[in-house]
1. So which residues in segment C:253-282 are modelled with pLDDT under 85, under 25 Å from the mean Cα position of the chain (by Cα) and among the polar types (S, T, N, Q)?
2. Specify which of the listed residues (A:87, A:54) is within 24 Å of residue B:185 (Cα to Cα) and part of a helix (DSSP H, G or I).
3. Residue under question is residue C:158, and the condition is that it be assigned to a helix (DSSP H, G or I), free of Cβ contacts under 8 Å to residues at least 12 places away in the same chain and at the interface with another protein chain (Cβ under 10 Å from one of its Cβ atoms); does it hold?
4. For segment B:53-67, what are the residues that are surrounded by 16 or more Cβ atoms within 10 Å (Cβ to Cβ) and outside any strand (DSSP E or B)?
5. When you look at residue A:22, is it surrounded by fewer than 18 Cβ atoms within 10 Å (Cβ to Cβ), under 19 Å from residue B:208 (Cα atoms) and not aliphatic (A, V, I, L, M), yes or no?
6. Could you say which residue among C:194, C:181, C:205 is of a type outside the set (A, V, I, L, M, F, W, C) and closer than 17 Å to residue B:388 by Cα?
7. Looking at B:162, B:173, B:166, which one is at the interface with chain A (Cβ under 10 Å from one of its Cβ atoms), in a helix (DSSP H, G or I) and without any contact (Cβ under 8 Å) to a residue 24 or more places away in the chain?
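The values are calculated or read from the model by the stated rules, or taken from the named source; none is laboratory data. Because the structure is predicted, anything quoted here is derived from the model rather than measured. Methodologically, a virtual Cβ is constructed for each residue, glycine included, from the backbone with ideal geometry; neighbour enumeration extends over all protein chains shown.
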Amino acid sequence: MSFLNHYIYYIGAFGLIFIGLYIVLVKHNLIKVIIGLSIMETGVNLFLISIGYIKGGTAPIFSTPEIEAARMVDPVPQALVLTAIVIGVAVLALALSLAIRLYQHYGTLNLRKIKEQRW
Amino acid sequence: MVNPVLLIAVPLGLAFAIPLFGFISQKLEKYIPPVAMLFNLIVSLSLIPKVLEQPIVVSIGGFPPPFCINLVAGPVGVLFSAIIALVGFLVSIYALDYIKEGATEKYHMLYLLLLTGATGVVLTGDIFNLFVFFEILCISSYALVAYLGNRAGIESAVKYLIQGAIGSSLVLIGVALLYGLFGTLNMADIARNIDSVSPISVFVPLVLLITGLGIEGAIFPLNAWLPDAHSSAPSSISAILSGIAIEVGIYAVARVIFTVFGASSIFLFLVLLGLLTLLVGEMSAFSQKNIKRLLAYSSIGQIGLIVFALGIATSYGVVGGLFQIISHSLSKALLFLAVGYMIYRTGSMDISTLDGMGKRMPFTSLAFTIGAFSLVGLPPFVGFPSKFLIVRAALAKEEVLFTVLIALVLLGTVIEGAYFFRVIQTLYFKGKRVSPNKREEAPIAALIPIGILMILIIVIGVYPRLVTDILNSAASELLNRIGYIKGVLG
Amino acid sequence: MSLELLLIIAFGGAFLTYLLGKLSSGVRNFFAVFISCALAAIVAYLYGKPSEETFYLGFLGLPLLLRLNMLSWFFAIAIAVVGALSIIFSLSYMKGREKTDFYYLMMLLVNAGMLGIVLSGDLVSFYIFWEIMSWSAFLLISYNRGPALAAGMKYIIMSIVGSVAMLIGMLSLYANYGTLSISEVAPFVASASSGYILFILIVFSIAFGIKNAVLPFHTWLPDAHSEAPSPFSAVLSGILVRMGMYGFLLFFFVIVGSKLFLGLGRDNFHYILAWIGAINIVIPTFIAMLQNDSKRLLAWHGVGQGGYMVLGVALGTSLGVTGGTFHIVNHPSYIALLFLVVGAVEYRTKGIRDLNSLGGLIKRMPITFIGALVGACGLIGLPLTNGFVSKWLIYKSLILQGHPFLAFAALIGTWGTILSLYKFLHNMFLGQLPEKYRNVEKAPFNMQFPIIILSLIIILFGILPGIPLKVINSITTSFGLESLNINIWGIASETGALNTINIFAAILAVGLIVWLIFRAGPKAAPIAQDDNYAAGAYVPKEKYHYTVDFYNPLYRMISPYLRDFIDEFYMKLARGTQKLCGGIRHVYTGDVGHYVMYIVLFLASLIFVQIKWGIW
């Protein structure tokens, strides 16, 4: 139980990553694939956060002098995650707008049928 | 001394200023990229003599490294930023006349962002920053591949985006693992501490980073996006993607392997991977009917050669690999630029429609010929000294294995020669003898960069010493990681 | 006169010619002739002025050297003369054709490249000039469009394979010894292990063998020679191909050294090479006999004559090497002459090379016929031509060395040569003149001029072989072979005596006797050809042409055995490669799910390899 307690975030993070990867691999619909990518990103972000997380830690703000530094969670991964989320949003927006244009051209979002560019 | 930060800040600022300039005058916006890149080129070249003595480390925020985000303008970084600026400058001149339709201000903005991202990747000393700049590069290239908005462009962009997004997730996981292990994101700091943890725990981030960056670096089998994207993008973008983007990907892979991890045990693996990439690329190109796809597959082959050379990991090998990067950047950019207007004139990418181009567009055809000769490695063009160095490096290993491998690599060259010479025959000798109909040469804005690239290919090919100094110190920067760590952390 | 200047004139002249062509074609033609003649004059002037100089330091820290010695001078003069003559010939051959500026540029560039090859004093510049020659030759071979494209592809692919082999050999030397200067690398090689020398020689032999069209690598040559513009065919067959021989001489005798070369592989290496040469004589000459395309016929002889050179050089005795080397310089004289003859006929008959439809042109083009006759005699090796002297030297050395089978093979080759060249001469010039060629004019002067010059050279060197033999003797002695006793009429040493004056006298006497007998007998009555053939019955002239299917019975007999099996094999290989390449690119299926799968598999296999074998 303590194992689970300790690693729950990592398990969750990699669970999300693998779910996302599975969706990208298996699903035919572009929208679903984009959702998969998004889930995968969420997993990666969760993973980043959990690296810096300390159980029972507080925010790394020196508001009151009695909080010692060892009890603060690491602020760097959180900063990284912010950046990663922004990047993720950009990719997502671009992907969705491309999906619209793709549908206009092909009349389908089935990636198994959109195979003009090959060989 | 010029601050290397300007290399990133100026194009980034100008990129976002382009829509503003658009308010003043619609004509102004397209002159911004050449100006920015010319600035970068001048700064990079002026930095070279200083960098040859000592790498310039810039800390942002005033903290000493490893506590800050830092830029490392070492010989490798400056070399790459000079290549990026040079090719970027020439291609942006080409684009002045080539990009006429669509949302041109978005094109120019994304174009500058792409180059900013590339410059950032090669100059940064921080692995998360590397990821961020990589994303800038990737996202703007997804958008630019789709710029034409046609079936092929959109399809390729979507496929490119899916693979690229997975790649960047892998990179991010790798970066997170490294941070978890070492508590730092500074590459020099990670490199310093890499031996303090068990090798097996470093292995996972290494593999993740190689795979993730390898997608952008187009290593087989991670390169399936490349032929689609390079052939569907506007030709000026193809030139940038082939001439810069994948080289930057290879740079990142090399930086990670050589400097951050010092992973000498996977060099042989790199050699084999390079060979595989080379053979697959060249063989796929062999029976292509689509000229841009042919060039794209040939890029895969060249990337294979570069990876092969870097994997040899002796100073000759790395110099050869970096030289090959220069030669590929110049030659492939030239080829795509030349092909761009040929396609524009014929309206088709089919090789068989290019017959008689020698008469219709003599200068452009000459440019194609020179670029192709250079890629095949014929003297006196720039491809020859680079191939010379790579073959020499492989033979200097004095192992039978490497002699066999280099023979296989050169077999790839034979295939490459075969398809390039076939295209050249089509340009000049195929089809009926056309009566000298009127010339349809490319406009002057295209001929200037094509001409400059041709001159550079010949001049560096004849006088390789122009670049060997910077290449030698760049190679020693890559091979001597202790020196890099010392240079950054003091 | 420094060698740098020579090369600058050669290369600069080529580009300047191109630029002048944009102004006016007359100026360009004059300038092209001027440059090529000037080169010949400069090379001639440089006779006996050996020198070695560094001309360029900028190439990756390697000094590039130029050097002139007897061997390189000997080749240089042949290159310059053949080049100049074919340029003069081109003046009217190329009249009214497209891309003439380009043609002259490439002709002069090939010429300059070849001069560079023989003058280079280190292997890098050798390679550089070699490649410049190769690609400019490719552009010239492709010039004629149509089937020339396939010929050009065949040529360039084999040529790249050759240069790949050369690159490996050259850089292996560089990696081992740190220098590529020929004079510096030679002592290193001489002290290397014999296995390594064998490796180097085999690798370079592949490169030179491909260029020299030695048997398993010859398949590019017939196509390339027959499809190229005729003046370039003359250069190609006469001298460009023989750059391979220059390479052989350079490596066997200058770099490795004759003693080591002969002892290589327990004395077997040179013996095997000699046999390759012998086979190379027999098969191609008989294949040549079966050709109906005049240029193709000559092209196969180009392959066959290469066999004599390889045979002579591979023997390694001073007589053999002298013969082989003399043959190298003789070959351009008559093969270039014959190609120019074909070019002249082609020019006047509007591009006809088919031996089945020509005939009787002797009355229309007499000078050209005399050129063809002299060239054919030289190629066959009849006395009083230079071909006789070199072949005689090769036979002699074969017999003296006790290789009767090789000598027999060389002799068989000569029979094939006689038969096929008789066909060549007869079907073009003798026999019946087809109606449509009734009004063919004689060749223009600038076509006749090179033909006459080359004919004179053949006869001059045939009667006075001492002139070139003297040069060759100083080459062979520089190889460390024993010196021969040369006088102006031939060789006077007891092992290999040759005196053309005796032969000259004998032939004169016999000829006189024959002439007298003919004079003494009754006068022959001229009978029209068709009467003779059809026993007086009427034959419709336009329907009957009796050069068709020359040698038909013989053809039926031997043709099943004389297919070019090697070429078929290569074509099969090429098709197989194409299929394989077509298959490989199906990896890129177009399905993005597969692509993602590749990424995951790549990652998984890396981790798997690590877990399984623990490489990291």
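1. C:258
2. Selected residue: A:87, the only one of A:87, A:54 that is within 24 Å of residue B:185 (Cα to Cα) and part of a helix (DSSP H, G or I).
3. no
4. Within segment B:53-67, B:55, B:65, B:66 qualify.
5. So residue A:22 fits the description; yes.
6. Selected residue: C:181, the only one of C:194, C:181, C:205 that is of a type outside the set (A, V, I, L, M, F, W, C) and closer than 17 Å to residue B:388 by Cα.
7. Within the list B:162, B:173, B:166, the selection yields B:162.
So that you can scan it fast, the table gives a plain yes or no per residue for (1) among the hydroxyl-bearing types (Ser, Thr, Tyr); (2) within 19 Å of residue C:385 (Cβ to Cβ); (3) touching a Phe, Trp or Tyr at 6+ places or on another chain (Cβ under 7 Å):
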| site | (1), (2), (3) |
| --- | --- |
| C:430 | no, no, no |
| C:442 | no, no, no |
| C:451 | no, yes, no |
| C:475 | no, no, yes |
